[in-house]
1. Go through the stretch 487-513 residue by residue and tally those that are of a type in the set (Gly, Ala, Ser) and not in a helix (DSSP H, G or I).
2. Would you tally the residues in the stretch 92-114 being within 18 Å of LYS25 (Cβ to Cβ) and within 26 Å of the chain's Cα centre (by Cα)?
3. Restricting the search to the stretch 264-300, which residues are polar (S, T, N, Q) and either at pLDDT below 90 or in contact with a Phe, Trp or Tyr (Cβ under 8 Å, 6 or more places away or on another chain) (or both)?
4. Those residues that are without any contact (Cβ under 8 Å) to a residue 60 or more places away in the chain, in the same structural domain as TYR506 (by TED's automatic domain parsing) and either more than 25 Å from ASN521 (Cα to Cα) or touching a Pro at 6+ places or on another chain (Cβ under 8 Å) (or both), I need them from the stretch 558-593; list them, please.
5. Just name the residue that is nearest to TYR506 (Cα to Cα) out of those in the stretch 410-440 that are in contact with a Leu (Cβ under 8 Å, 6 or more places away or on another chain) and of a type in the set (S, T, N, Q).
6. Taking GLY335 as meeting all but one of (1) surrounded by 15 or more Cβ atoms within 10 Å (Cβ to Cβ); (2) at positive phi, write down the number of the exception.
7. Which residues, counting only those in the stretch 128-169, are touching a Leu at 6+ places or on another chain (Cβ under 6 Å) and of a type in the set (A, V, I, L, M, F, W, C)?
8. Report every pair of residues separated by at least 6 positions or lying on different chains whose Cβ atoms are under 6 Å apart, first residue within the stretch 97-109 and surrounded by fewer than 22 Cβ atoms within 10 Å (Cβ to Cβ), second modelled with pLDDT of 90 or more and among the charged types (D, E, K, R).
Amino acid sequence: MTSQNPYGIGVSPPAIESEDRSLAKIFDDFYSVPDFQRDYVWGEKEVEQLMQDIYSAFGADPTSEYFIGSIVVCPGPDGVYQLIDGQQRMTTAFLTLCAIRDHFGSLKPPVSLDTLKDQIASTDLDASGHDVHRYRVTLQYEDSRDILTKIAASAGQLPEIESPTRSVANILRAYQVIRTFLLQEFPADEAALRRFYVFFAKNVKLIRIKTLSLARALKVFETINDRGVGLDSMDLLKNLMFMETKQADFDRLKNSWKDLIDTIYRVGEKPLRFLRYFIFATYDVDRLREDEIYEWFVKNQALSGYKADPLKFVAQLLDAAQAYSRFIVGQDQTGVTNRYLVNTQYVSGAARQHLILLMAGRHLHTGPFSDLCRHLENLFFAFVITREPTREFERLFAQWARDLRPAKTANDLSVFIDAHVRPAQQNLAARFELAFNELSELSIQHYRLRYVLAKLTQFVNEQAFGAGDGNLINFVKRVDIEHVLPQTPGPAVRDAFDKPDNITRYIHAFGNMCLIEDTINRSVGNGLFEAKRPAYLQSKFLLTKLLAGPIQVGSNTAINRAVAGLEVFEKWGSAEIVRRQLMLTGLAKRVWDIPAAPPAGQAVTAPKTA
């Protein structure tokens with residue numbers, strides 16, 4: 001019996017096929033990355049950006065579709081497609097399916113979905129007609145292939161890898177970022193997680209370009225990556241401005257619009273996100289999807305004023321974009337570096353919700369604006385560490401913007417902080433303490449972990465020696481994260497530890513970590529605590545130096561006051577790691593200005609404003 005040719009008798013299949021496919025349809029097939037491709041290179045921020053973008057589309061309209069790009073494939077051996085272009089997003093999508101499966105499995109009771117399992121791995125026929133088990137994505141290099149297989153085969157337990165290669169480290173961190181994202185947005189909500197999974201599988205789409213040969217696939221890849229970009233997402237609004245502008249003013253409008261676009265793209269920002277946050281910061285709007293922006297402007301031409309004076313409106317947009325772009329790179333509205341905005345870069349990653357309030361408050365005097373930045377850094381981190389859904393605090397910031405816009409003076413800001421920020425911090429206080437007590441390097445993105453350690457370390461040093469330039473980079477650059485109980489413990493360390501069967505948990509615990517200069521870290525080694533202490537004494541970081549023993553300089557000095565209340569440890573076991581984590585939690589509440597938690601069951605609400 002011969003198979004039917006879908007293209008008709010005697011008709012050859014097309015040399016190039018292009019098809020719009022959901023991820024569910026994409027993962028009906030198997031893919032392998034050919035040897036000539038590069039490693040997996042996406043970092044935490046690229047992965048987080050993709051997840052945030054998909055989540056934003058899901059939150060705006062769960063019935064909408066979201067396009068994440070194209071892939072180029074050609075048939076390979078045993079019916080497995082060779083992935084010529086799109087390895088990064090395909091690997092990330094595959095890791096996301098694994099992370100969703102593992103998050104379902106962590107719920108109480110655990111949830112298992114056969115459809116999801118089949119999208120990760122399935123049975124296929126090999127060239128000889130025998131059943132063979134395959135994972136939907138297979139990477140080219142042995143180290144990358146092995147770690148991806150282990151994640152796909154596991155039940156959420158990450159393998160211990162000694163001295164991972166760059167690609168392995170990137171894959172592990174990508175998986176951790178996605179798991180952390182799911183924990184933050186869907187902590188224990190099975191129904192919401194199911195809806196997100198359906199959206200991810202059925203509504204997130206790729207264009208799959210399939211060719212008959214590798215040579216043709218490479219040519220398609222070259223063509224795709226050598227052509228200009230399509231229409232800009234702000235073109236409709238631009239056209240609207242030109243429709244309302246006198247022809248004599250076209251050159252002025254054209255130049256102003258180019259400045260606007262260049263300003264946004266110069267900092268790698270998405271124009272529609274800027275426009276959406278501009279609306280939140282400028283008008284009384286707290287709910288608006290990206291695909292509704294143009295229609296909103298059409299309906300609100302009197303409110304925005306673009307019809308009466310389009311040049312003035314574009315100038316207003318440009319002014320906001322210039323401030324927005326400065327905030328993103330850590331500068332205030334005048335272009336001066338602001339330590340709190342720089343710090344927020346370290347903690348925000350792909351998130352930008354704080355920019356709503358920064359734009360709303362950009363007319364504050366310089367001193368109060370810097371104070372606003374300090375409060376926003378602290379609050380933003382509290383939202384992150386307590387896994388507050390980003391959609392919720394984005395809406396909160398949009399609502400608060402109305403009260404912040406007219407503020408100019410320190411007193412105006414104080415009224416705003418007391419009305420909104422302080423109550424929010426107090427409502428988060430109990431969750432903040434719990435989250436910090438349970439903090440692990442497996443529960444937070446690596447770049448945020450470095451931020452947390454840097455802020456704690458900087459705080460103690462500034463208490464002792466003064467603020468200096470306040471630059472957090474001094475506690476990030478050429479600095480390593482040191483695990484007191486080593487990441488790769490030898491037999492002597494395992495034998496000496498009081499809970500050897502549970503040692504992995506304590507290795508990853510936040511209380512087991514400190515910062516140390518990279519020059520010193522090379523000499524620390526993976527030995528026993530007693531052997532490491534002399535190296536800790538060499539550190540300029542007091543929080544690390546305390547691990548070597550008590551610090552006493554003179555009588556009632558700033559240094560003594562800075563370390564007062566910080567415990568010194570003579571040995572290092574499970575109890576000491578837990579106690580140090582509790583100590584760091586208390587320190588963190590001072591660093592991020594978290595008040596005492598209200599009595600159980602009592603919420604704090606902001607006073608009503610006019």
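1. Step one: of the stretch 487-513, the residues of a type in the set (Gly, Ala, Ser) are 490, 492, 496, 509, 511.
Narrowing the set further to residues that are not in a helix (DSSP H, G or I) leaves 490, 509.
Total satisfying the criteria: 2.
2. 6
3. Here is the first cut: in the stretch 264-300, the residues polar (S, T, N, Q) are 282, 300.
Selection gives ASN300 alone.
4. ASN560, ALA564, GLY565, VAL568
5. Once the filter is applied, the top-ranked residue is ASN437.
6. Just one mismatch for GLY335, condition (1).
7. If we filter the stretch 128-169 for residues that are touching a Leu at 6+ places or on another chain (Cβ under 6 Å), which is where we start, we get 139, 145, 148.
Correct list: LEU139, LEU148.
8. LEU107/GLU190
The values are calculated or read from the model by the stated rules, or taken from the named source; none is laboratory data. Just so we're clear, the structure is a prediction, and the values are computed from it rather than from any experiment. Note: ideal-geometry Cβ built from the backbone for every residue, glycine included; neighbour counts use all protein chains shown.
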